[in-house]
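Here's the structure we're looking at; comments come further down.
The values are calculated or read from the model by the stated rules, or taken from the named source; none is laboratory data. Note that the structure is predicted; figures quoted are calculated from it, not measured. Cβ atoms come from the backbone with ideal geometry, glycine included; neighbour counts cover every protein chain shown. What goes into the accessible areas is simple: the full protein's heavy atoms, side chains included, and nothing from ligands, DNA or RNA. Shrake-Rupley method; radii C 1.70, N 1.55, O 1.52, S 1.80 Å.
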Amino acid sequence: MSKVYRIGIIGCGGIANGKHLPSLSRLNSVELAAFCDIVKDRAEEAAGKYGSEEAKVYSDYTELLKDSTLDIIHVLTPNDSHAEISIAALEAGKHVMCEKPMAKTAADAKLMMETAQRTGKKLTIGYNNRFREDSLYLKEVCEAGELGHIYYAKAHAVRRRAVPTWGVFLDEEKQGGGPLIDIGTHALDLTLWMMDNYKPKIVLGTTYHELSRKENAANAWGPWDPEKFTVEDSAFGMIVMENGATIILESSWALNTLDIDEAKCTLSGSEGGADMKNGLRINGEKFSRLYTNEIELNSGGVAFYDGKKEQAPDVEMRRWIEAIDQDKDPVVTPEQAYVVSRILEALYESARLGKAVYLD
């Protein structure tokens, strides 16, 4: 690295402490120099655990952005403030990583993208599932053309009973939606990236509130409060791309099913197919016979040793800092993330209107 980059963290809640801060703290090329949260105690706790000796703490992000020594800002707040804070940070001359989804609305996402283009600062969105070993391998398979033209795909984000009951996840005003915008966004991003197809044409979506009204429901994080559950409990959609390719998207926090998969995709191409449902499998036809190859991703081969591995968030943070240092595009570009937001919004609109939505 050409320098040590000073990073400011805005939002010191679960995603900060569960993903960003642990991974950033393992990099020698960064200094965690500033922390901000509307609950100042959270910022102070994060600074004490991960910050440099002279790390500063704020409860107002506009004050943090006045620090001209900061190079990078990570925006880790509820969805409705992603655009406001990211745009302010870009205007202040900082590079920005914003957690997924890009923004609550497609219009806000577009403003973020346009601001990054105008200011020349780098902007990326936290789609960390691209950085898993199976995802990186499958991307190479797709880029090598081994699947041919991918014309049909499924984006999987299905939980049986795992409704996040903390924070503002159940608040439609703050989040813009439920499982579709929360975990469906990961599956959709992964699928579009594998297909390298960012031109949607027609979207048809449905949303449901079938289980959200249940009292004392079984749930990974304890029963939810039906009165506060203002977002959908499941959502499904079909996306037709300009080139005719079709994507089926399924997302749920609560669904009566045993077919559970999250942040995975299934791809069908003219030369082969792939899925992530039971490990990574590649399928096709060769010498007039069908085949299924299971990809071995363990790098060990020695008893009691699986090889040295980076976790997906570690890879994500490392490659983000490398993009800044080497002045190249981040793995997740704002242009790609904007298309994800457009599709998500169109799916919600389609569900509300009860008809297909056509995208220009």
* To do: Can you tell me which of 248-255, 59-66, 171-178, 271-278 comes out highest on packing, and rank the rest after it, using the mean Cβ neighbours within 10 Å?
  => 248-255, 171-178, 271-278, 59-66
* **Per-peptide average of other Cβ atoms within 10 Å, ordering 330-336, 309-315, 95-101, 33-39 highest first** => 95-101, 33-39, 330-336, 309-315
* Asked: So what is the calculated 222 nm ellipticity per residue for the chain, using -39500 (n - 2.57) for each DSSP H run with n of 4 or more, over all residues, to the nearest 500 deg cm²/dmol?
  -> -8500 deg cm²/dmol
* Determine the order of GLU285, GLU133 by accessible area, beginning with the largest, at a probe radius of 1.4 Å. => GLU285, GLU133
* To do: Output the pairs from LYS40/LYS309; LYS49/LYS277; LYS40/LYS264; LYS122/LYS277; LYS139/LYS286; LYS154/LYS286 with a Cα-Cα distance over 32 Å in this structure; if there are none, say none.
  => LYS40/LYS309; LYS49/LYS277; LYS40/LYS264; LYS122/LYS277
* Mean Cβ count within 10 Å, highest first, over the residues of peptides 288-294, 134-140, 260-266 -> 260-266, 134-140, 288-294
* Asked: Taking a temperature of 20 °C and a viscosity of 1.002 mPa s, what whole-number D in µm²/s does Stokes-Einstein yield for the range 1-122 with Rh from Kirkwood over alpha carbon pairs?
  -> 151
* Structure fact -> Taking the dipole of the range 3-124 about the Cα centre (Lys, Arg +1; Asp, Glu -1; charges at Cβ), the one of CYS36, ALA92, LEU24 that reaches farthest to the positive side is LEU24
* Ranked by accessible surface with a 1.4 Å probe, highest first, in what order do ILE7, ILE87, ILE15 come? -> ILE15, ILE87, ILE7
* To do: Using only the C-alpha atoms of the range 231-301, find the volume of their convex hull and express it per residue in Å³.
  => 167
* Å² per residue, accessible surface of the range 3-124 at 1.4 Å -> 42
* To do: Grab every C-alpha pair in the chain, bin the distances at 20 angstrom width from 0 up to the longest one, and report whole percents.
  => 28, 58, 13, 0
* Asked: Kirkwood-based Rg over Rh for the range 163-299 (C-alpha set), two decimals?
  -> 1.05
* Structure fact -> Given unit charges at Cβ for Lys, Arg (+) and Asp, Glu (-), the dipole magnitude of the range 205-360 about its Cα centre in debye, nearest 20, is 340
* To two decimal places, what compactness ratio does the range 140-211 give when its Cα radius of gyration is scaled by 2.2 N^0.38 Å? -> 1.38
* Ratio to report: Rg/Rh of the range 6-52, with Cα atoms as the point set and Rh obtained by the Kirkwood method; give two decimals. => 0.92
